[in-house]
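Below is one structure, written out as structure tokens; the observations come after it.
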Amino acid sequence: QDKMYIPLISKGFQHQFWQAVKAGADKAAKEFDVEVTFEGPDNETMVDKQIDMLSAALAKKPAAIGFAALDSQAAIPLLRKAQEQNIPIIAFDSGVDSDIPMATAATDNIAAAALAADKMADLIGDEGKVALVVHDQTSRTGIDRRDGFVNRIKEAHPKIEIVSIQYGAGDQLQSTEITKSILQANPDLKGIFGSNEGSAIGVVNGVKESGRKDVVIIGYDSGAAQKQAIKDGLMAGAITQNPVGIGYETVKAAIAAAKGETVEKNIDTGFYYYDKSNIDDPKIAAVLYD
Amino acid sequence: MTELVRMTGIEKRFPGVHALKQAQFDLKRGEVHALMGENGAGKSTLMKILSGIYRPDDGTVEIDGQPIELSGPKAAQAHGIGIIHQELSLMNDLTVGQNILIGKEPRRSFGRLDERELNRQAGELLGSMHMKLDPKTIVAELTIARQQMIEIAKALSNRSRILIMDEPTAALTDAEVSELFAIIGRLKSEGVGIIYISHKMDELKRIADRVTVMRDGEYVVTVEAADTPVSTIISMMVGRALKEETVTIPDLDTAETALSVRGLNRGRVIRDVSFEVRHGEILGFAGLMGAGRTEVARAIFGADPKDSGEVFVHGKPVSIGTPKDAVRAGIGYLSEDRKHFGLALGMDVRANIAMASLGQFTDMAGRLDEKAMQATANDYIERLAIRTPDDRQEVQLLSGGNQQKVVIAKWLLRDCDILIFDEPTRGIDVGAKGEIYRLLAALAADGKAIIVISSELPEILRVSHRIAVMCEGRLTGILPGGAGTTQEEIMHLATLRDAMTEEHA
Amino acid sequence: MTATPANGTSSAAAWLKASQAHQKLLAFASLVVLIIVFSLASPNFMQMSNMIAILQATSVNGVLAIAATLVIITGGIDLSVGTLMTFCAVMAGVVLTYLGMPLPLGIAAALLTGALSGTISGTLIAKMKIPPFIATLGMMLILKGLSLVISGTKPIYFNDTPSFPVISTGSLIGSVFPSLPIPNGVLILFLVAAAAAYILGRTVLGRYCFALGSNEEAVRLSGVNTDAWKIGIYALAGAICGIAGLLIASRLNSAQPALGQGYELDAIAAVVIGGTSLSGGRGTVLGTIIGALIMSVLLNGLRILSVAQEWQTVLTGSIIIIAVYADMMRRRRA
Amino acid sequence: MTATPANGTSSAAAWLKASQAHQKLLAFASLVVLIIVFSLASPNFMQMSNMIAILQATSVNGVLAIAATLVIITGGIDLSVGTLMTFCAVMAGVVLTYLGMPLPLGIAAALLTGALSGTISGTLIAKMKIPPFIATLGMMLILKGLSLVISGTKPIYFNDTPSFPVISTGSLIGSVFPSLPIPNGVLILFLVAAAAAYILGRTVLGRYCFALGSNEEAVRLSGVNTDAWKIGIYALAGAICGIAGLLIASRLNSAQPALGQGYELDAIAAVVIGGTSLSGGRGTVLGTIIGALIMSVLLNGLRILSVAQEWQTVLTGSIIIIAVYADMMRRRRA
Ligand SMILES: Nc1ncnc2c1ncn2[C@@H]1O[C@H](COP(=O)(O)OP(=O)(O)OP(=O)(O)O)[C@@H](O)[C@H]1O
Ligand SMILES: Nc1ncnc2c1ncn2[C@@H]1O[C@H](COP(=O)(O)OP(=O)(O)OP(=O)(O)O)[C@@H](O)[C@H]1O
Ligand SMILES: O[C@@H]1[C@@H](O)[C@H](O)OC[C@H]1O
Ligand SMILES: [Mg+2]
Ligand SMILES: [Mg+2]
């Protein structure tokens, strides 16, 4: 019984990214001997389903809760309730617009996508047409990565034209078809940015199926297929977050908060750009997942 | 020699209905044994037990002297029992041939069908029934009369030793009835035992060898058909004697015209039909199957579009595009196909009776007055002697004849000035038929204008004040009603083909 | 001898009628069993706050399922309930936040939008004879796209209308009986259910729902303007989706334009679990509510038991099948 | 004179039958119109490479839609086609990658898994009388969960089976006619379609599909073992989902356990757009293929035109409604 119980309510569950976060959380759970559960809705539009998960988590009287909000504002009443019950909240993945969370272990998606934009510009010679295959049109990470990339291009790379932004729900097959259509419509396209694992793999597939070899692909996140694509030179490089670290730090901070210890408000779990040259670098390899 | 079939002590209860009480029945080889009884007497239920569809609560079924257990339709078929159901049970989306040979499709290796052989066999069977029908026709496109013939063909294809026919002629016209009787004669000579259920008393003398009468789920008596007058059988069925009545024709010279139809056309099925009906008049519509009577009625009622033609009600032209327009103009239409066009089978008796008159039971806020609907329903249940445990019984659980009465009640309640009854007594027992004829006469006496479409000439002669006859979409003549007109005169007009028009088209 | 299926169903049908009160009580069986099992398995389950959480989680799907019930009883289907809900929420957001109008107008906007969209679906189906599946599939996509277009692909927050969240999360009952803090959203669910049950059971519109589902042609030939009634029913269902839109928007204090697709399946599932037949002609609102509750109790209970999420899915699928099977056995036996 | 009133058939019906070839040609109308419009709108649309891309994009949904067609013709529904596809892909992955067995066994695993799962659905429906919607909804969830469980919630790659991607992306036709590099996935779609059309039109199984959908009770009363046939049809549909599983896995060179839900709606939509009625008894594989093609052409065309995604959705919804309406008008006129 009396093991400390910490539920993590995430934005998703089936994606490899989330499985990596879960792995980090499980690692911390083992290390600190606490019980952790991990749950998230099927896709990132289901704001209300996430709220239901949060309510069920609260009913279990946890020691603390880790929470990756699909929509911060929508969750505020429940977060207040948690606060009233003295259940500390630790935000993860992309942060919560509120001062309720005791700590946040997140990636700065805007900055990360801007880095991807700079790399893209570099690789295509700072001019020409590029496109984006984004995983979601309305979710925080989708918007931040799209805007981070687009705005950076506009500010710093005026000769680059963004010809198409389409959304494939992070579904590999859908993203493949989208990529092929984009290439069909823009034969002179130079590069594509895929905003998460499913989108990035879809882009790789689409480019491959279109028989094109000259398109620069920049991805996001890792996973076996994406790592392989980089090694094979199909993908130029990708942004990686530190999902295992996010999971681990979230649980660690939650334990500290539950014990009444002070925790650092912002836990920067960082992001990196990786490509063929540094993929085996231990520092990078440590934050990549399969 | 043992009987082919012997059923004894059969019991069957449905919730609220004790359908069979110690019922019994037997059948010999090569005989036609008629099973008679009022609507709801339990005839169909008894036959469903014999064909493995229902299991009896008690009692024994013996075939060739051996008691058997009928676990389902398949087991019954294995014992050589075939049935033509009272309610059509065809696969509407399939072709005629596919329906006839369902479950017996000629096959080639690997489960492949031999469709050519299937159509050949079906065509042969249809040919032996003298039916000119392409086996590749989709069943949904056929009139119910033809669908009924397909049911018969389907049952014949089984080569059963015991063949049950539950009101096979309800939807047939005389020509087809004769055809069926010829088939029955042939089967008889082959030693097939036939159980025959019908409400058409005249058929008894023509084909039955023995007659068993049932009343209220109980066995009454079995008699030799040849020795027993029909009137005796009727009185055993209904428990009292019925007196023969004939039509009395009112003097309608001064009566106003209620409905007048001019130059009605619709494709080839309605060709330039014009007629009038007066208040207080019953106009009978006679004709062979497919003559176009139903089509005329549906076109007037707005159920089908018409190509041209005018309809006047009380002398004023009315434009009828939908059944709603027709009902608003005071025209009601009782369809010949109760299952598809008459009833919401899953709903109860009360709801079905009120269906065309809900406005009557609705207040300003759209609330329904269930009490009033109940009272009305019970009133009609009593007036038409509808056999049902109560007014909340689902209509699909009623016997066929009682379902028909529910449709009649629906239109009586609606109280239209002009009522078109298409085959109103289809499946209705003799006693109730007399009731309905009297009712039609009373409605007419009340000043209503009534059209009765019927394929039974005796019925046409029994109810009509005037008789309109159709052939191939044309109105070939109007005869006076009453004793002056003979069946032959009607048949003459009903077969008066228009060769000129035919060629022209 | 055992009853044959044919006999079985008919006796069940009559029994159903004979003891409807009894029946309704028994219909809870699967639900009650689930609740008992979860209560025994975890002390956290059977607590007022969790019961309220379950009811709250049922409110949106429950209201959508009621809308779907009406349409399904007519023999139709409505795939657009989920995205219509969202579209109505967005329209309320436009009126309240973008145009800054007062609350009642926002509420009216949601309801009218729902009714209008339902009228369009109904017209496509009744007048243009487009199969309901296609008409409402098309509407589902159109409304999904329009929600994104109108909202500018971002959530609309109701920060200028502080009373907005009260619609769903406030507690009128709680303010009278402090020990029973049932949120208004739940209250609204039950009010909508009561109204829909009343309409189905006691009014002409309800009668025609069943009649259309039972035999549309027979109703038309009874002189009823079936098209008009059908459109009316879809419009009513649409307005009910508008209520769901208000509930979800108020609960999330925002109109989330991307949400909604997929919700139609949950709603239809609740309807069918509740015993309404997809072929039309029969069904009850009470059954639908029970169906929706079964779904939320299941999810909530499995979460409280900390069952791994992939197993939650497996168990949910299995229990839905078992619950429906048990329910059918019960009726057949009866 | 064309009509045969003596036959008791209307002239329209006779015409329909007399000119079925003509009819089938015309059924392409909406599709052809779409293609023409897109060709005019963008020079990039009407190119061999894009036509192949469209066909390839149709392959998975097309195969799933064929499975759904069989079931829908019987009057049932199969909501599990999408997650079953995934589950079959995962099972192929288990056999090929985790167990390291040779390719044919992986293919057999996918097909058998599909057939087995279909048998279970069919048994739930035929024997236990669970409504198809519920039985396959339950199966959808169970299979979704099991895919995650068995794969360990991660993709299974086929790196040890280098020939695996060839199943879908290689081109047998292209190796013979280099100017026609039609991928095998498309070839397989058409083979499956031809086989399904043959089964529906020429075999006993197909006959009973239509018969069951038309009037199951009548078939049963004719002494046919309806349950066994129904189970057989669901099993066949399941095996076809297994083929879809192989196609998608081979295309993605991995079994993606999280994918699949939502695909059932696309499949059913293709079936219904193709003119198969959800109430059963009628339908064609050709119609389904056209339905699936309409959907992919639409998506592809709108993407090539770079229409904003939210408007793509609105247009897709509208065009689906219009296409079906136009198709109905055409038939009514005919
Ligand atoms: N499945 C059922 N459930 C409940 N009651 C039934 C069922 N089937 C028949 N009944 C009732 O049993 C009685 C006998 O019906 P049955 O159909 O055998 O009559 P019938 O003699 O064939 O009458 P008809 O001449 O009108 O066809 C009727 O009262 C009928 O309503
Ligand atoms: N649903 C239908 N589809 C095709 N043809 C039909 C249909 N209904 C009737 N017909 C055809 O229309 C013509 C007129 O049929 P109608 O039913 O009006 O004749 P009727 O005189 O009422 O005969 P019946 O005794 O068969 O009712 C016939 O050629 C018939 O075959
Ligand atoms: O926020 C998540 C992101 O970090 C990951 O990359 O992909 C899925 C997203 O939901
Ligand atoms: Mg009978
Ligand atoms: Mg007729």
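Some observations on this one:
- The protein assembly as shown: radius of gyration over Cα atoms, expressed as a fraction of 2.2 N^0.38 Å: 1.00
- Farthest toward positive dipole pole in the protein assembly as shown [+1 Lys/Arg, -1 Asp/Glu at C-beta], among C:L148, B:G287, D:M128: D:M128
- Pairs from the list C:K230/D:K129; A:K60/A:K81; B:K104/D:K129; C:K154/D:K144 with a Cα-Cα gap above 19 Å: C:K230/D:K129; B:K104/D:K129; C:K154/D:K144.
- Buried surface for the C/D pair, taken as the accessible area of each chain alone minus that of the pair with a 1.4 Å probe, is close to 3400 Å² in total.
- When the charge dipole of chain B is built from unit charges on Cβ atoms (+1 for Lys and Arg, -1 for Asp and Glu) and taken about the Cα centre, the candidate among B:T95, B:L35, B:I453 whose Cα reaches farthest toward its positive end is B:T95.
- Straight-distance candidates among the lysines for linking to B:K316, with alpha-carbon spacing under 27 Å and chain neighbours fewer than 8 residues away dropped: B:K306, B:K324, B:K410, B:K448.
- For peptides A:220-227, C:60-67, C:127-134, sequence by mean Cβ density within 10 Å, most packed first: C:60-67, A:220-227, C:127-134
- Distance between modelled label sites at C:A194 and A:K3, nm, 7 Å Cα→Cβ extension: 4.7
- Using the Karplus relation 6.51 cos²θ - 1.76 cosθ + 1.60 with θ = phi - 60°, the per-residue 3J(HN,Hα) values for the stretch D:81-97 come to 4, x, 6, 5, 3, 4, 4, 5, 4, 4, 5, 4, x, 4, 5, 7, 9 Hz, with x marking Gly and Pro.
- Average partner coverage of B:135-142, which counts Cβ from other chains inside 10 Å: 4
- Span from the the stretch B:261-283 Cα centroid across to the the stretch B:303-379 one, whole angstrom: 21
- Legend: mean number of C-beta atoms from other chains within 10 angstrom of residue C-beta atoms, peptide D:37-49, equals 2.
- Of the peptides A:185-196, A:9-20, D:147-158, the ranking by mean beta-carbon count within 10 Å, highest at the top, reads A:9-20, A:185-196, D:147-158.
- At R0 = 41 Å, FRET efficiency that the Cβ-Cβ distance of B:R116 and B:S189 yields, to 0.05: 0.85
- Positive end of the dipole of the stretch B:3-238 (Cβ unit charges, origin at the Cα centre): among B:V230, B:P56, B:G72, the Cα lying farthest that way belongs to B:G72.
- Ranked packing of C:36-48, B:237-249, C:213-225, most packed first, by mean Cβ within 10 Å: C:213-225, C:36-48, B:237-249
- Rolling a 1.4 Å probe across the protein heavy atoms gives the stretch A:158-290 an accessible surface of 36 Å² per residue.
- For B:I83, the amide hydrogen comes within under 5 Å of the amide hydrogens of B:I164, counting only partners 5 or more places away or on other chains and with H modelled in the peptide plane.
- Charge context of B:S178, other residues only, Cβ under 15 angstrom, K/R +1, D/E -1: -2
- Only protein heavy atoms count here; on that basis, with a 1.4 Å probe, B:E176 has an accessible area of about 30 Å².
- Rg/Rh for chain B stands at 0.97; both radii use Cα atoms, and Rh follows the Kirkwood definition.
- Karplus-based coupling profile of the stretch C:191-204, in residue order and whole Hz: 5, 4, 4, 4, 5, 5, 5, 5, 4, 5, x, 10, 10, 4, with θ = phi - 60° in 6.51 cos²θ - 1.76 cosθ + 1.60 and x standing for Gly or Pro.
- Dipole in debye (nearest 20) - the stretch B:3-238, about Cα centre, beta carbon charges: Lys, Arg +1; Asp, Glu -1: 580
- Working note: 222 nm ellipticity from helices only, DSSP H runs with n ≥ 4, each -39,500 (n - 2.57), summed and divided by the residues of the protein assembly as shown, gives -17000 deg cm²/dmol to the nearest 500.
- Geometric descriptor of the stretch B:257-494, per residue, is 119 Å³ (volume of the convex hull of the Cα atoms).
- Alpha carbon centroid spacing (whole Å) that separates the stretch A:48-69 from the stretch B:465-486: 82
- For the stretch B:371-505, the Kirkwood estimate of hydrodynamic radius, built from reciprocal distances between every pair of different alpha carbons, is 16.8 Å.
- If you wrap the stretch D:88-214 in the convex hull of its Cα atoms and look at it from every side, the mean projected area works out to 10.3 nm².
- Shielding by partners for peptide A:162-170, expressed as the average number of C-beta atoms from other protein chains within 10 Å of each residue's C-beta, is 3.
- Isotropic mean projected area of the C-alpha convex hull, the stretch B:123-195 (nm²): 4.7
- Dipole magnitude for the stretch B:117-205: computed about the Cα centre from +1 point charges on Lys and Arg Cβ and -1 point charges on Asp and Glu Cβ, it is near 260 debye.
- P(r) of the stretch D:242-314 over all Cα-Cα pairs, binned every 5 Å from zero, in whole percent: 3, 14, 16, 19, 21, 17, 8, 1, 0
- Pairing chains D and A buries close to 2400 square angstrom of accessible surface in total, based on protein heavy atoms and a 1.4 angstrom probe.
- B:Q374-B:D304 FRET efficiency (beta carbon distance; Förster radius 41 Å; 0.05 resolution): 0.75
- Two-decimal Rg to Rh for the stretch B:380-433 - Kirkwood Rh, Cα set: 0.95
- Per-pair calculated FRET efficiency, R0 = 25 Å: B:T60 and C:M329 via Cβ, rounded to 0.05: 0.25
- Label separation (A:D99 vs D:S175): 6.9 nm, computed from points 7 Å beyond Cα along the C-beta direction.
- In this simple spin-label model, placing a label point 7 Å from the Cα along the Cα-to-Cβ direction at both A:K276 and B:A255 gives a separation of 10.1 nm.
- Across chain A the C-alpha pair distances fall into 10 Å bins from zero in the proportions 7, 30, 32, 20, 9, 2, 0 percent.
- Over 19 Å (Cα to Cα) - which of A:K213/A:K283; B:K12/B:K48; A:K154/A:K231; A:K208/A:K231; A:K129/A:K154; B:K21/B:K43 fall in this group: A:K213/A:K283; A:K154/A:K231
- Accessible carbon and sulfur surface of the protein assembly as shown relative to its total accessible area, %, 1.4 Å: 58
- Charging the Cβ of each Asp and Glu at -1 and of each Lys and Arg at +1, and nothing else, the dipole of the protein assembly as shown about its Cα centre rounds to 800 debye.
- Of the beta bridges in the stretch B:257-494, as assigned by DSSP with both residues counted there, near 55 percent are antiparallel.
- For chain D, a/c is not less than 1.5, where a ≥ b ≥ c are the root eigenvalues of the C-alpha gyration tensor, and a/b does not top b/c. That puts it in the oblate class.
- Inter-part distance, the stretch C:72-138 to the stretch B:121-140, computed on C-alpha centroids, equals 50 Å.
- A convex hull fitted around the alpha carbon atoms of the stretch B:3-238 yields 132 Å³ per residue.
The values are calculated or read from the model by the stated rules, or taken from the named source; none is laboratory data. Quick caveat, the model's predicted, so the values are computed rather than measured. When we count neighbours, we look across all protein chains shown, and the Cβ atoms used for this are built from the backbone with ideal geometry, even at glycine. To get the accessible areas, we keep the full protein, side chains included, count just its heavy atoms, and leave off ligands, DNA and RNA. Shrake-Rupley method; radii C 1.70, N 1.55, O 1.52, S 1.80 Å.
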